[in-house]
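Everything on this sheet refers to the single structure shown next.
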Amino acid sequence: MCSRREADRYIERGLVLVDGEVVSELGTKVAPDVRIELADAGRKRRDAQATILINKPIGYVSGQPEDGHKAAVSLISQQTRWRDDRLPRKFHPAQLRGMAPAGRLDIDSNGLLVLTQDGRVARRIIGEDSDVDKEYLVRVEGRLSNEGLKLLNHGLELDGKPLKPAQVSWQNSDQLKFILHEGKKRQIRRMCELVGIKVVGLKRIRIGKVVLGNLPMGQWRYLRDDERF
């Protein structure tokens, strides 16, 4: 239900109960059959954690600012909230504390980026056992043979390791649709280079069951209660 770091914070604040008794010392050993609970105040704190969907523009990095480029989280304010976001939740700058990307999107790519304070959401998307797929629209230059298209779907390797099978198909004369089940650094661009084509535009439109939809570029909305990755 939370990351180790989050668990440490809950314990230090006296919000963890073991068989009904508060345990506030990190590293306390307990028997395997005890009941471990989060106090009501801890549950409220956890439920208050925000998860935000943003349509990241080109030129912004997903995580920490680097090489003079701004982080996508710097775009989040009351003014940039999508007017069609019907969730009654009010925005407060405190919701940006500890907010981190759940999966990266290259600086020269745009589209759906998930920023969250909730470790459960991050693990669902990028955890070792995650089965969440991601969908991209990719504009390309060059000639892609039928054999090259087959290799994009299955048969390529990066960094000496075979890639998991993907789903790659033509959308129109210069645009491919990629559905990936993993997320190696600059994976799509490197895959395309291996089959002799060049990526000139890349947009992520879906993560699991959550879609970018009509969210305008540079604007954001909250993840709805009925949405699951």
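The values are calculated or read from the model by the stated rules, or taken from the named source; none is laboratory data. Only a predicted model underlies this, so the values are computations on that prediction, with no experimental measurement involved. Because the Cβ atoms are built from the backbone with ideal geometry, glycine has one as well, and the counts that use them run over all protein chains shown.
Could you say which residue among 97, 89, 35 is at pLDDT 90 or above and in the same structural domain as residue 126 (by TED's automatic domain parsing)?
Step by step, each of 97, 89, 35 is checked, and only 89 is at pLDDT 90 or above and in the same structural domain as residue 126 (by TED's automatic domain parsing).
Within the range 114-229, which strands (runs of 3 or more DSSP E) (wholly inside it) include 3 or more residues that are buried (at least 17 other Cβ atoms within 10 Å of the Cβ)? Before you say what the answer is, go through the steps one by one.
Details: elements: 134-141, 167-172, 175-180, 198-207, 220-222.
So the answer is 134-141, 175-180, 198-207, 220-222.
Report yes if residue 108 is at pLDDT 95 or above, in contact with a His (Cβ under 6 Å, 6 or more places away or on another chain), at negative phi and of a type in the set (Asp, Glu), otherwise no.
On the way: at pLDDT 95 or above: yes; in contact with a His (Cβ under 6 Å, 6 or more places away or on another chain): no; at negative phi: yes; of a type in the set (Asp, Glu): yes.
The answer is no for residue 108.
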Any pair with Cβ under 8 angstrom, 6 or more apart, that starts in the range 176-197 at a residue that is within 16 Å of residue 102 (Cβ to Cβ) and ends at one that is of a type in the set (Ser, Thr, Tyr) and surrounded by fewer than 19 Cβ atoms within 10 Å (Cβ to Cβ): none
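Taking the conditions exactly as written (at pLDDT 90 or above, in a loop (DSSP other than H, G, I, E, B) and not small (Gly, Ala, Ser)), does residue 78 satisfy them or not? Steps first, please.
Values: at pLDDT 90 or above: yes; in a loop (DSSP other than H, G, I, E, B): yes; not small (Gly, Ala, Ser): yes.
Yes.
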So residue 86, is it under 24 Å from residue 222 (Cβ atoms), free of Cβ contacts under 8 Å to residues at least 24 places away in the same chain and of a type outside the set (Val, Ile, Thr): yes
Which numbered condition residue 107 misses (of (1) touching a residue at least 40 places away in the same chain (Cβ under 8 Å); (2) not in a loop (DSSP other than H, G, I, E, B)): (2)
